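Here the structure comes first, spelled out in structure tokens, and everything after it is commentary.
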Amino acid sequence: MKKERLIYALITIALLIIEVLIALFVHDSFIRPYVGDMLVVIVLYTFIRIFIPEKVKFLPSYILCFAVLVEVLQYFRIVEVLGLSDNRFFSVLIGSVFDIKDIICYAVGCLLIVVGQIIYKIYKKQ
């Protein structure tokens, strides 16, 4: 159990570093907006699995619902409603622009999680 937690922690750290590098140094029209959004749900998944290493059947679905909720809150300009528009940290963390393409990227990221779970399950049986 401790080994799985450590693996998830290392994956989370690696993905966070990749996300930060993308945010700081990649200013294109594909990697930053699309791959970054796909990775964010994978980071959430691996982070949660540090604390809950046993498989949660619908965890990718829960993460997708959370990501969609955050995106919908962006539609309703939650950052402005909360008076956090001047706070760069919260503006970046929560986001401020609704985009349906973000939701598609979150769904693809969650699909990659499910595929990864299937591959891991097959690999583990061997």
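The values are calculated or read from the model by the stated rules, or taken from the named source; none is laboratory data. Everything numeric in this text was worked out from a predicted model, so none of it was measured. No Cβ is skipped: glycine too gets one built from the backbone with ideal geometry, and neighbour counts run over all protein chains shown. These accessible areas exclude ligands, DNA and RNA; they are computed on the full protein's heavy atoms, side chains included. Shrake-Rupley method; radii C 1.70, N 1.55, O 1.52, S 1.80 Å.
Residue by residue, here is whether (1) touching a residue at least 40 places away in the same chain (Cβ under 8 Å); (2) of a type in the set (A, V, I, L, M, F, W, C) holds:
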| residue | (1), (2) |
| --- | --- |
| Lys55 | yes, no |
| Ile63 | yes, yes |
| Val79 | no, yes |
| Ala107 | yes, yes |
| Tyr123 | no, no |
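Residue count for segment 22-36 satisfying the condition of being out of contact with any Lys or Arg (no Cβ under 8 Å at 6 or more places or on another chain), of a type outside the set (Gly, Ala, Ser) and under 20 Å from Asp102 (Cβ atoms): 7.
Quick grid of which residues meet (1) outside any helix (DSSP H, G or I); (2) modelled with pLDDT of 95 or more; (3) open to solvent by 40 Å² or more (accessible area, probe 1.4 Å):
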position	(1), (2), (3)
Pro33	no, no, yes
Met38	no, yes, yes
Ile42	no, yes, no
Arg49	no, yes, no
Lys57	yes, no, yes
Pro60	no, yes, no
Cys65	no, yes, yes
Leu69	no, yes, yes
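Restricting segment 71-81 to residues that are of a type outside the set (Lys, Arg) and open to solvent by 100 Å² or more (accessible area, probe 1.4 Å), which is nearest to Pro33 (Cα to Cα)? In this case the residue turns out to be Tyr75.
Do we have Leu24 as open to solvent by 100 Å² or more (accessible area, probe 1.4 Å), farther than 22 Å from Lys124 by Cβ and in a helix (DSSP H, G or I) here? Walk me through it before giving the result.
Working: open to solvent by 100 Å² or more (accessible area, probe 1.4 Å): yes; farther than 22 Å from Lys124 by Cβ: yes; in a helix (DSSP H, G or I): yes.
Judged against the criteria, Leu24 is a match.
Identify all residues within segment 82-126 that are aromatic (Phe, Trp, Tyr), open to solvent by 60 Å² or more (accessible area, probe 1.4 Å) and in a helix (DSSP H, G or I); write none if there are none. Result: Phe89, Phe90, Tyr120, Tyr123.
Looking across segment 7-18, the residues that are surrounded by 12 or more Cβ atoms within 10 Å (Cβ to Cβ) and either among the hydroxyl-bearing types (Ser, Thr, Tyr) or modelled with pLDDT of 95 or more (or both) come down to Tyr8, Ala9, Leu10, Ile11, Thr12, Ile13, Ala14, Leu15, Leu16, Ile18.
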